[in-house]
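The values are calculated or read from the model by the stated rules, or taken from the named source; none is laboratory data. The model shown is predicted, which means the values in this text are computed figures rather than measured ones. Cβ: placed from backbone, ideal geometry, glycine included. Neighbour counts: every protein chain shown.
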Amino acid sequence: MKTVKFIRFQFGNESYYGRLDGEKIFALNGDIFGEYEENGKEYYLNEVKLLTPCEPSKAICVGLNYKRHAAELNLNVPEEPVIFMKPTTSMIGPHDDVVYWPIINRLDYEAELVVVIGKNARNIKPEEASDYIFGYTVGNDVTARDLQQKDGQWTRAKSFDTFLPFGPCIVRGIDPSELKVQAFLNGEIVQDGDTSDLIFSIPFIVSYISKVMTLLPGDIIMTGTPEGVGPMQIGDTIEIRIEQLGSIVNRIVEAK
Ligand code: MG
């Protein structure tokens with residue numbers, strides 16, 4: 001498959017899906033998961049605001065999916081994937097601000113490869129997963145680490161507003177099995193992983209989750225973070241970068 005990049009963007013009061021070609025955007029009418037066509041309007045990346053590249057009904061996340069990350073948290077490698085969710089209200093665009101909410105004492109970045117689902121997936125087999133995957137994007141599974149440890153389960157720690165920046169585009173037609181997954185805190189590299197170190201493969205994860213819940217077009221799966229997670233402070237800039245997919249850059253700001 002030829003590589004294609006899709007974005008969603010705002011220009012003035014209008015928002016569209018678009019096909020990205022270099023710096024140029026070809027706006028689309030319709031839904032990238034269904035019927036769409038180019039509507040003749042063209043823009044440049046530097047004149048639009050990038051939105052989340054799709055509007056998921058849910059984000060399902062895999063915890064502990066890189067061996068060395070499990071080790072740094074002093075946790076055993078799980079026999080089955082540990083899954084949890086983040087709400088749609090946590091989702092923000094690739095350049096939006098992440099809020100450091102006052103009840104949090106430690107706020108961590110987690111660089112993650114994100115799978116975007118293309119069609120209804122219910123109880124599928126791993127070998128069928130590629131038919132249901134639309135493409136891939138970049139995400140940051142922002143986590144209130146102190147609350148994760150305190151609560152014993154992860155809903156509060158993972159679910160604050162602004163805790164799921166993702167984008168900038170959805171890339172179709174790539175092989176995700178050997179991609180560098182990196183985080184840069186204020187320009188300094190802090191995570192430097194590779195998807196070849198995943199404990200559970202992407203087809204396995206998609207199949208596993210589809211045996212629990214129906215995955216809908218546009219739903220996203222965050223595939224876990226490599227080692228090197230660490231804290232962020234107000235005023236920091238965190239960049240998550242994945243080979244062939246680009247990067248998201250978010251500032252950490254005080255709650256207003
Ligand atoms: Mg994570």
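Just one of the listed residues (Gly30, Gly22, Gly40) is surrounded by 13 or more Cβ atoms within 10 Å (Cβ to Cβ), over 28 Å from Ser201 (Cβ atoms) and of a type outside the set (Asp, Glu), and it is Gly30. The C-beta contact set for region 103-114 (first residue closer than 14 Å to Val62 by Cβ, second residue away from the ligand (no atom under 15 Å from the Cβ) and assigned to a loop (DSSP other than H, G, I, E, B), distance under 8 angstrom, 6+ apart or interchain) comprises Leu113/Leu179; Leu113/Leu245. Of all residues in region 209-235, those satisfying the criterion of being crowded, with 20+ Cβ neighbours inside 10 Å and within 16 Å of the ligand (Cβ to nearest atom) are Ile209, Ile220, Ile221, Met222, Thr223, Gly224, Thr225, Pro226, Gly228, Met232. Number of residues in region 105-114 that are in a loop (DSSP other than H, G, I, E, B) and within 16 Å of the ligand (Cβ to nearest atom): the value is 2. Just a yes or no: is a residue in region 143-163 within 16 Å of the ligand (Cβ to nearest atom), more than 24 Å from Asn105 (Cα to Cα) and part of a strand (DSSP E or B)? The answer is no, given that none of the residues of region 143-163 is within 16 Å of the ligand (Cβ to nearest atom), more than 24 Å from Asn105 (Cα to Cα) and part of a strand (DSSP E or B).
The sole residue among Gly139, Gly118 that is within 16 Å of the ligand (Cβ to nearest atom) and closer than 16 Å to Lys58 by Cα is Gly139. In this structure, Leu64 qualifies as assigned by TED's automatic domain parsing to the domain that holds Thr237, in contact (Cβ under 8 Å) with a residue 60 or more places away in the chain, within 14 Å of the ligand (Cβ to nearest atom) and at positive phi.
Go through (1) of a type outside the set (Phe, Trp, Tyr); (2) within 16 Å of the ligand (Cβ to nearest atom); (3) in contact with a helix residue (DSSP H, G or I) (Cβ under 9 Å, 6 or more places away or on another chain) for Thr89 and report which single condition fails. Tallying (1) of a type outside the set (Phe, Trp, Tyr); (2) within 16 Å of the ligand (Cβ to nearest atom); (3) in contact with a helix residue (DSSP H, G or I) (Cβ under 9 Å, 6 or more places away or on another chain), Thr89 fails exactly one: (2).
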